[in-house]
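Asker: Please find one structure pasted underneath; my questions will follow.
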Amino acid sequence: PGETLELMISADPPAPVQIDIYRLGYYQGKGGRWMTQVGPIDCPTQATPQPGDLRLMNCQWECTAKLPIKVDWVSGVYVAKLTEMNQKIQSYIIFVVRDDRKSDLVFQVSDHTWQAYNRWPSQFSLYDDGKNEWHWGDRAQVSFNRPYGKYCQILDAPLSIGSGEFFLWEFPFLFWIEREGYDVTYVSNTDTHRDPNTATRGKGFLSVGHDEYWTIEMFRNVQSAIQSGVSVGFFSGNAVCGRILWDEATRSFQRIGVFGPPGGTREFESMSSLRHERPYANELMGAHSTGPVAGGADWICSLPEHWMYEKTGMKLGDRIEGLIGWEYHGDPAAIPGLEIIAQGPTQSAPGQLNGGHYTATIYPGPQRNFVFNAATCWWADGLSSPSGYQSPQVYTTPRGVDPRVQQMTRN
């Protein structure tokens, strides 16, 4: 708040563009609050850059509009909704407004992972080295100096354009947590990377959705927060898997390693170029990505007497259908006091086991705090279903809002 955000917009052909700003949340079930409008502004066609080293697409666009962030705007996830006035084509720009206050919960959006899968303008993601469109090595680099294109897997979701993965995997969690009235502040992966105090501003720190790409600085900062008494909820899958190296000059990053042991993910051949060295993700989260990385399963209760299950009515072996997917965690670490609260085999399709095994875990921290690991990208699917949201259907089909998932999250 009090700063000015520069928006870089390109229209092809040149056209006037209207910009409406929304803060996302519950808002009596509407999902967002309109904040202000800018324009219409005449937007030029800005140049698509030539690929640089490691296929880096680093746009050098001129500022199209300046958006003053008012001092009374509260921390949150915001979108600028762009409307091209001639054909009414629309897209988003997504951003986080942050603050410095203490809060009960710190919600971290997974913007590193949004950018890793961003193929704008075509096939220029962390997963494409010019030869293989699903490259898992270190021969690609991605910059935040570009728009988010249409999300490229799991769902054909046009509303994702410009918003990364947020609406797909994180919005239902935000929608629910604000409906419940929790005291929450919002940060990006990059905030956790740059500022060691990011996670310690809350009693609890939340990783939500598909939180795959972390720097070693993020790992150490959250690890330190746990030691200082912060509880952490990894309501996410495939989290803390890819180790990345930031380049501040180009606002970009490159995959350089894996937070896990060699062969631990039954890895792709190109992953052999990456470093596999400690720290491992399960030493932070309790469990981590394991092979095969992708799959689905039911949430199967394995420790019904745990406080996590209070007021849920769940018994040993009870299931929440389809809640685990599309990537999950297993291989629990030998952490004193760690408990497996749900576990089971994973499948590649209904009835077709793929040899994987997920484990959802909780372990105690040193100061009566704890670390929870949901072991799924799809936890938020069980919390709420905002207008426009689509449940995923791959490997398994989660069944949407479930009072048991809501109660476990409250617990």
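The values are calculated or read from the model by the stated rules, or taken from the named source; none is laboratory data. Because the structure is predicted, anything quoted here is derived from the model rather than measured. No Cβ is skipped: glycine too gets one built from the backbone with ideal geometry, and neighbour counts run over all protein chains shown. Only protein heavy atoms, including side chains, enter the accessible area calculation; ligands, DNA and RNA are left aside. Shrake-Rupley method; radii C 1.70, N 1.55, O 1.52, S 1.80 Å.
Asker: Once the Cβ-Cβ distance between residue 387 and residue 48 is put in as r, and R0 is 25 Å, what FRET efficiency do you end up with, to the nearest 0.05?
Answerer: E between residue 387 and residue 48, to the nearest 0.05, is 0.15.
Asker: Check which residues have an amide H placed less than 5 Å from residue 330's amide H, if you skip close sequence neighbours.
Answerer: 288, 289, 290, 359
Asker: Short version: ³J(HN,Hα) in whole Hz for each residue of the stretch 348-355, in order, from phi by Karplus 6.51 cos²θ - 1.76 cosθ + 1.60 (θ = phi - 60°), x for Gly and Pro, what are they?
Answerer: 8, 6, x, x, 10, 5, 10, x
Asker: Of the heavy-atom accessible surface of the stretch 148-190 (probe 1.4 angstrom), what whole percent is carbon and sulfur? Each step should come with its number before you reach the end.
Answerer: Numbers: 710 of 1260 Å².
That fraction is 56 percent.
Asker: Using mean Cβ contacts within 10 Å as the protection proxy, how do 224-237, 122-135 order, highest first? Present the calculation step by step, with values, prior to reporting the outcome.
Answerer: Numbers: 224-237: 21.4, 122-135: 16.6.
Going by the mean number of other Cβ atoms within 10 Å, highest first, we get 224-237, 122-135.
Asker: Rounded to the nearest 5, what is the percent of antiparallel bridges among the DSSP beta bridges in the chain?
Answerer: Values: 58 of 82 bridges.
If we restrict to bridges inside the chain, about 70 percent are antiparallel.
Asker: Would you mind calculating the relative contact order of the chain from Cα pairs under 8 angstrom and at least 6 residues apart, reporting the percent as a whole number? Can you show the working numbers first?
Answerer: Numbers: 1083 pairs, mean separation 58.0, N = 411.
Value for the chain: 14 percent.
Asker: Output the relative contact order of the stretch 1-109, whole-number percent, from Cα pairs under 8 angstrom with separation of 6+ residues.
Answerer: Numbers: 202 pairs, mean separation 36.2, N = 109.
About 33 percent, as a whole number.
Asker: Mind listing the Cα extents of the stretch 64-222 along all three principal axes, in Å, largest one first?
Answerer: Between the extreme Cα coordinates on each principal axis of the stretch 64-222 lie 46, 43, 29 Å.
Asker: While we're looking at this one, here's another question. Separation of the stretch 7-76 and the stretch 260-329 by C-alpha centroid, Å?
Answerer: Distance between centres, Cα-based: 36 Å.
Asker: What Kirkwood Rh does the stretch 256-411 have if only Cα atoms enter the pairwise 1/r average? Answer in Å.
Answerer: Details: mean 1/r = 0.0618 Å⁻¹.
Answer for the stretch 256-411: a Kirkwood hydrodynamic radius of 16.2 Å.
Asker: Tabulate in residue order the Karplus-calculated ³J(HN,Hα) for the stretch 277-292, using 6.51 cos²θ - 1.76 cosθ + 1.60 with θ = phi - 60°, rounded to whole Hz; enter x for Gly and Pro.
Answerer: Values, residue by residue: 8, 5, x, 8, 5, 5, 6, 9, 8, x, 8, 8, 4, 9, x, x Hz.
Asker: If packing is taken as the average count of other Cβ atoms within 10 Å, what order do 182-190, 70-78 fall into, highest mean first? Let's see the in-between values first.
Answerer: On the way: 182-190: 20.1, 70-78: 16.1.
Ranked from most to least packed, the peptides come out as 182-190, 70-78.
Asker: How far apart, in nm, are two points set 7 Å out from the Cα along the Cα-to-Cβ line at residue 36 and at residue 203?
Answerer: It is 3.4 nm.
Asker: Turning to a different aspect of this structure: Could you name the aspartates and glutamates in cross-link range of residue 131, using Cα to Cα under 19 Å and dropping any fewer than eight places away on the same chain?
Answerer: List returned: 53, 267, 269.
Asker: Find the percent of Cα-Cα distances in the stretch 287-359 that exceed 17 Å, and round it to a whole number. Before the final figure, lay out each step's value.
Answerer: Values: 1164 of 2628 pairs.
Considering the stretch 287-359, 44 percent of its Cα-Cα pairs are separated by more than 17 Å.
Asker: Additional query: Accessible area per residue, 1.4 Å probe, Å², for the stretch 109-241: what's the number?
Answerer: Working: 3870 Å² over 133 residues.
In whole numbers, the stretch 109-241 has 29 Å² accessible per residue.
Asker: Lysines near residue 150 by alpha-carbon distance under 16 Å, same-chain residues fewer than 8 away left out - which ones?
Answerer: Cα-Cα hits under 16 Å: 81.
Asker: Here is a follow-up. Could you check how much of the accessible area of the stretch 266-411 is carbon and sulfur, as a whole percent, using a 1.4 Å probe? Mind showing how you got there, number by number?
Answerer: Values: 2950 of 6170 Å².
Exposed carbon and sulfur together represent 48 percent of the surface.
Asker: Cβ neighbours within 10 Å, averaged per peptide: list 369-375, 241-247 in order, most packed at the top.
Answerer: Working: 369-375: 25.4, 241-247: 20.6.
My ranking of the peptides, most packed first, is 369-375, 241-247.
Asker: For residue 275 and residue 310, compute 0.36 nm times the residue count separating them, minus their Cα-Cα distance, and round to one decimal in nm.
Answerer: Working: separation 35, 0.36 × 35 = 12.60 nm, distance 4.14 nm.
Here the answer is 8.5 nm.
Asker: Hey, which lysines would be in cross-link range of residue 102, C-alpha to C-alpha under 19 Å, not counting anything within fewer than 8 residues on its own chain?
Answerer: 203
Asker: Of all alpha-carbon pairs in the stretch 146-195, indicate the percentage at a distance above 16 angstrom.
Answerer: On the way: 677 of 1225 pairs.
So the portion of pairs separated by more than 16 Å is 55 percent.
Asker: Convert 37 °C to kelvin, take the viscosity as 0.692 mPa s, use the Kirkwood radius over C-alpha pairs of the stretch 155-237 as Rh, and evaluate the Stokes-Einstein diffusion coefficient in µm²/s, rounded to a whole number.
Answerer: Values: Rh = 13.8 Å.
This corresponds to a translational diffusion coefficient of 237 µm²/s.
Asker: Also, I was wondering about something else. Would you mind computing, in nm to one decimal, how far apart the modelled labels at residue 319 and residue 248 are, each placed 7 Å from Cα along Cα→Cβ?
Answerer: 5.1 nm
Asker: When only Cα pairs under 8 Å and 6 or more residues apart are kept, what is the percent relative contact order across the stretch 79-185?
Answerer: Working: 138 pairs, mean separation 30.3, N = 107.
Dividing the mean separation by the residue count of the stretch 79-185 yields 28 percent.
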